[in-house]
Each structure stands twice: as C-alpha cells, then as structure tokens.
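Enquirer: Handing you a structure now.
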Amino acid sequence: MSTEPCSYPASNLTVNLRPEIFVGKKEVLAAIEDPDTCLVNALGRDVFSGENPRYGRPGRIPGSVSVPQVELLDQDNHAFLAPERIAEAFKAVRADEAARHITYCGGGIFATVDAFWLHQLGYDHVAVYENSMSEWGPDPSLPIEAD
C-alpha cells in the first residue's frame, strides 16, 4: 500500500442523460391509477403506516407498497443483504409483478437504494420520485392513505 497520490491519464467523459429515471408528482398521480406501475415506499414501516407523521400528513401515497431501504441492509455490518434476500423483499409485496416501478421516500435519497436494487434485479423501467413525501405530504390537494 502506498500513500503517494495516484496519477491517471486524461480522458473524455461521455454523459448519457436519462431524464426518465426521475418523475414528478404529475407522473405519480397518474401511476396511482395505473395497474402496471408499482409505487414503492422506501421509508420505515412506521412512516409508511402513518404512525410517524414526518412529512406533514401521516401516511403514504395511495396504493404504494413498503420495502424500507433499511431492511435491505444487514443490521450488524450495514452491508447489503444477499441479492436473493432483497429479491424476496420485493416479491413479498408483489412488486415483482409490475412492468414499471416508481420509488419514493422523504426526499429521494432512500428511494435511490430501492431503485438501485430493482435495477440490479433486472427491472428495466424504474424511476425515482425525487421530491417524494417532502412535496407530497404537505400538499392537501394530493391523496394520502394511512393504516
């Protein structure tokens, strides 16, 4: 092992923008009525159920399922669980049956973990609602449900 700085040759970066991997509330509203789209909430179960109202109003986007990103991690070492176990978490809520997935959380951070794993598991049409419950929760014009 060395403590010397690394040197790399100059190169060109090619950026392929993919705006379709982020959606706004308009697309999420449409997805609520779309049987081919699965809305996946990556927050803790207490927030999903409405027990912990962290984002203005208690609850979740109607019709969404709960796959908390924290449950995709080994609680002892904080590494990801085995892919097979993560696949089971999505299958348990029937997310594996959808053609399209939109993940959300409080502000689009935890949702990226669920989106990453859906992509890794082979799902092609995955998007993140980046404003998530920070936008949805406080807006009384948007539907919400709780247990």
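Enquirer: Given the structure, is Tyr104 within 16 Å of Lys25 (Cβ to Cβ), surrounded by 15 or more Cβ atoms within 10 Å (Cβ to Cβ) and not small (Gly, Ala, Ser)?
Expert: yes
Enquirer: Out of the range 49-67, which residues are among the small types (Gly, Ala, Ser) and either over 16 Å from the mean Cα position of the chain (by Cα) or in a loop (DSSP other than H, G, I, E, B) (or both)?
Expert: The answer is Ser49, Gly50, Gly56, Gly59, Gly63, Ser64.
Enquirer: Give me the residue from the range 95-147 that is under 21 Å from Val47 (Cα atoms) and of a type in the set (S, T, N, Q) and, out of that set, farthest from the chain's Cα centre (by Cα).
Expert: Here the answer is Ser141.
Enquirer: When you go through (1) over 17 Å from the mean Cα position of the chain (by Cα); (2) surrounded by fewer than 14 Cβ atoms within 10 Å (Cβ to Cβ); (3) more than 23 Å from Ala127 (Cβ to Cβ) one by one for Asp46, which number turns out not to apply?
Expert: Unmet for Asp46, out of (1) over 17 Å from the mean Cα position of the chain (by Cα); (2) surrounded by fewer than 14 Cβ atoms within 10 Å (Cβ to Cβ); (3) more than 23 Å from Ala127 (Cβ to Cβ): (1).
Enquirer: If the requirement is being β-branched (Val, Ile, Thr), within 12 Å of the chain's Cα centre (by Cα) and either surrounded by fewer than 19 Cβ atoms within 10 Å (Cβ to Cβ) or part of a loop (DSSP other than H, G, I, E, B) (or both), which of these qualifies: Val70, Val40?
Expert: None of the others qualify; the one that does is Val70.
Enquirer: Which condition number does Asp76 fail, the rest of (1) in a loop (DSSP other than H, G, I, E, B); (2) in contact (Cβ under 8 Å) with a residue 40 or more places away in the chain being met?
Expert: (2)
Enquirer: Those residues that are outside any loop (DSSP other than H, G, I, E, B), of a type in the set (A, V, I, L, M, F, W, C) and under 20 Å from Tyr123 (Cα atoms), I need them from the range 4-29; list them, please.
Expert: Listed by number, the residues that qualify are Ile21, Phe22, Val23, Val28.
Bear in mind these aren't lab numbers, they're just calculated from the coordinates by the rules spelled out. The structure displayed is predicted, hence computed values, not measured ones. Here the Cβ is made from the backbone with ideal geometry for all residues, glycine too, and neighbour counts use every protein chain on show.
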